[in-house]
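Here the structure is laid out as structure tokens; the discussion comes afterwards.
The values are calculated or read from the model by the stated rules, or taken from the named source; none is laboratory data. Given the structure is predicted, the values throughout are model-derived calculations rather than measurements. Note that each Cβ is placed from the backbone with ideal geometry, even for glycine, and that neighbours are counted across all protein chains shown.
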């Protein structure tokens, strides 16, 4: 009749209407208690609060009021227009919600709720308990922090030690860069942030949330860096004197802290020695990637690739997102086959494909694309729909639960996704090899028989719950952030086992993701603001050891970008580790929202789009050897491929006034044009001898302004003879 969950659905940034807020109050702090009534006939709810001596009566009676603003959190999370916005906004709806603010909590208290209909008792909840906490000293240990750690405190309640808090002193002029992929700004000094894997659907730079956090950062100018060695949630805030770090704890009141001394690349080397680093991927990953979520038939995929051919726009990879039934993400839509009742994997020979279906001959399609030099990536999500009663998807869901392959709740039942995308789906427990093998075996025929070249390992942010249970022994508070690391690893291992390079294309990750494939910046609108925040995301991710990184150039969501934004984004992406365009599902409504260059040209009426895009795509082909060589150098030296200027010029204070500039490898400095209407663009060149990479002409160090027609993105080099206009690239290529 009434539901109260102290932790709610455990959304990391919003409350649900059945939640206690805060979950862990400080001594003397009141809490807001929420319940949800399952029946609209409930006319009042009363909380029995702090009964005397924990008996069944004698406490205060708190009368709850209907919740009227519980949807505010949900509305704040929605990312504007897009196919997930409505689902996201509804995920925290407050229908049937009631709430009350309690007296200050000064000691352990228990409470329960009674629901009434017209004065008649119709339901009573179980008892709940809350123990207030306070910050104290000398309740735990910070290991290996040394003299850099000060003001250590521990959050303690009657139930144990919950968090640690300490300060890392900062000096004037110190800059904080890292914390995983961050969208709001390069230097996080003065910001508040945390490290929890989260799917922020668009506007990440506004909300300060990320798919790919890490509790690691450089203290630039200070000559050191740090890593909180935990996969639990951490929080950070800084001011003029120091960085305050707060760490969620497990059963032991211990914080393991890594402090690394040295230059930025020495700090990064020490960090990657602990957590792993990228491996070299084949040259083809540096060619242009193309995709659109609505390319959901063989004819559509081939027509897009045919247009690339006919317009002489080179393309190296096609990402096919809408290939499957989107139930189990293992079988081509419209395929005919017999269900395996035990959920066992199919072989390629088990399927036939109707000639009038969406994919009449996917193997022939892949073979033809390979003959054209185009690699094929298939989309994945680490969830198993569970709402079906029949068919392969039902058999697979049953097997996942029956054979112990599902992430579990604390009571042993299977966890069902609490998020808004694929709601209620099961989640495979990829923390252990047996389930990684079980999950990927269903996709093996795609690699071994169909010759697929990699997987877009989308999603990975779906684990919500501090007390989830993983088969490796971790609970949710420790294991949830690691889920996307296991996910990419699983598909990389599948590809390796078939003799292929481990090409995975992920958006979510955590510490350890450095060793697992390629990443992109996630969901964003086609706006200049999103363009700027995506460049920042790439630079911060690279600062933490992510080598292969890109974004949906000019954004993937909303109306088709104007020609200027599209071409400026194309120019920038030509000089990023991964160059790719993509468009969001829009229910096949007209006008189409494809981000293909010819569709952008048609939509905007700008006939410059195709020839300029073609020129950049051709230049990208010419850059592949340089990018491949520089990626290999990055992996052996830990000097990032996508390199913020502080790695080579940490002592130059002027670089912080130009946070969007970067080096691409050792030999190119790039300054994307990030504002509409620009006719000229100013670049800061640190001390040294520089050349305009488009003309080969020498230019002085300092502030340099050049004209920037749409055909030009400012690129400079310290290598004489480079001339991009003539195809003369660093290294003589």
Residues located in region 29-42, provided they are part of a loop (DSSP other than H, G, I, E, B), modelled with pLDDT of 95 or more and more than 16 Å from residue 18 (Cα to Cα): 30
Can we say residue 245 is in contact with a helix residue (DSSP H, G or I) (Cβ under 9 Å, 6 or more places away or on another chain), part of a strand (DSSP E or B) and closer than 15 Å to residue 176 by Cα? no
How about region 104-124: which of its residues are loosely packed, with under 15 Cβ neighbours inside 10 Å and under 30 Å from residue 160 (Cα atoms)? 104, 106, 107, 108, 124
I'd like to know if region 198-205 contains one or more residues that are at pLDDT 95 or above, out of contact with any strand residue (DSSP E or B) (no Cβ under 9 Å at 6 or more places or on another chain) and either at positive phi or surrounded by fewer than 20 Cβ atoms within 10 Å (Cβ to Cβ) (or both). no
Which listed residue, of 345, 399, is part of a helix (DSSP H, G or I), out of contact with any strand residue (DSSP E or B) (no Cβ under 8 Å at 6 or more places or on another chain) and closer than 25 Å to residue 437 by Cβ: 399
Tell me yes or no: at least one residue of region 215-224 is touching a residue at least 60 places away in the same chain (Cβ under 8 Å), under 30 Å from residue 584 (Cβ atoms) and surrounded by fewer than 19 Cβ atoms within 10 Å (Cβ to Cβ). no
Taking the criterion of being out of contact with any strand residue (DSSP E or B) (no Cβ under 8 Å at 6 or more places or on another chain) and either crowded, with 20+ Cβ neighbours inside 10 Å or on the phi > 0 side of the Ramachandran plot (or both), would at least one residue in region 348-361 satisfy it? no
Residue list for region 594-612, filter: crowded, with 17+ Cβ neighbours inside 10 Å and in contact with a helix residue (DSSP H, G or I) (Cβ under 7 Å, 6 or more places away or on another chain): 596, 597, 598, 600, 601, 604, 606, 609, 610, 612
Being out of contact with any strand residue (DSSP E or B) (no Cβ under 6 Å at 6 or more places or on another chain) and buried (at least 23 other Cβ atoms within 10 Å of the Cβ) narrows it down to one of 432, 447, 407, so name that one. 407
For region 450-476, enumerate the residues that are surrounded by 19 or more Cβ atoms within 10 Å (Cβ to Cβ) and either free of Cβ contacts under 8 Å to residues at least 24 places away in the same chain or assigned to a helix (DSSP H, G or I) (or both). 476
If I go through region 537-554 residue by residue, how many of them are touching a helix residue (DSSP H, G or I) at 6+ places or on another chain (Cβ under 7 Å) and either under 14 Å from residue 184 (Cβ atoms) or free of Cβ contacts under 8 Å to residues at least 40 places away in the same chain (or both)? 1
